[in-house]
Amino acid sequence: MFFVQCNGWSAGSVVGSSPAPIYGTVSAGTQVHLNWTTWPDSHKGPMITYMARAPSDVTKWSPGTAAVWFKVAETGKDASGLWAATDLLTASKSIYTFTIPPKLKAGQYIIRHEIIALHAAYTYPGAQVYPSCIQVQVTGSGTAFPTSFVSFPGAYTATTPGIVYDVYTNTGAYPIPGPAVWTGGN
């Protein structure tokens, strides 16, 4: 269920995707706007953004199953019961915005932005992960870099809070899966 990776995946000796030959440039501290297509009303869930620093050329790097990812943004269900991936995304005309940490160390990164759809998550493995991967060169004079990382697959399991969650009967707070958002670069 949680085997979707960025910049390449090989399973059973079958090569899947590979890194794109291009990347965008973004300054640390600036907002990134991601445009989703119209999202189904039934696919309620959180929107989560991770980054991973490439050790060299991001157009040739595949993180594989290495623990290299750190969370930079998350939005789940707000206090009034509105969900990020349906209500809030629709209200913003399908544009999701997050900020590259202002003090983040310059370099090449992969951004992994995902929606976890919970319409069938009342049992495991019902949650559906929809990631989007973007290669960027982060510019700036920052020196901050996290020390704790997760891997994909590996960041989410059957027992991770928020992976099994009944959106139809649970009116309480929603625990967004994964580690805490890294704030050291702010």
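The values are calculated or read from the model by the stated rules, or taken from the named source; none is laboratory data. These numbers come from a predicted model, not from an experiment. A quick note on method: Cβ atoms are made from the backbone with ideal geometry, for glycine too, and the neighbour counts reach across all protein chains shown. All accessible areas refer to the heavy atoms of the entire protein, side chains included, with ligands and DNA or RNA removed. Shrake-Rupley method; radii C 1.70, N 1.55, O 1.52, S 1.80 Å.
At a glance:
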| item | result |
| --- | --- |
| Rounded accessible area per residue of the chain, 1.4 Å, Å² | 48 |
| For the chain, size of Cβ-based charge dipole, Lys and Arg +1, Asp and Glu -1, in debye | 420 |
| For semi-axes √(5λ) of the Cα gyration tensor in Å, calculated from these coordinates, the label among [x] 40, 26, 14; [y] 27, 20, 15; [z] 45, 28, 20 | [y] |
| Carbon plus sulfur fraction of accessible area for the stretch 1-122, probe 1.4 Å, in percent | 57 |
| Lysine pairs meeting the criterion (Cα under 26 Å, 8 or more apart or interchain), as found in the chain | 10 |
| Protection proxy ranking, peptides 49-56, 171-178, average beta carbon neighbours within 10 Å, highest first | 49-56, 171-178 |
| Length-normalised contact order for the chain - Cα pairs under 8 Å, 6+ apart - percent | 29 |
| Alpha-carbon centroids, the stretch 25-98 and the stretch 108-170: separation in whole Å | 8 |
| 19 Å reach of a label modelled at Lys103, 7 Å along Cα-to-Cβ, counting backbone N of the stretch 135-166 | 138-149 |
| Unit charges at the beta carbon, dipole of the chain: most positive-side option, His119, Ala144, Asn186 | Ala144 |
| Cut-off under 5 Å, modelled amide H: who pairs with Gly142 long-range | Ala106 |
| Within the stretch 22-81: Cβ-based charge dipole about Cα centre, in debye rounded to nearest 20 (Lys, Arg +1; Asp, Glu -1) | 140 |
| Contour minus Cα-Cα distance for Gln137 and Leu34 (0.36 nm per residue) | 35.4 nm |
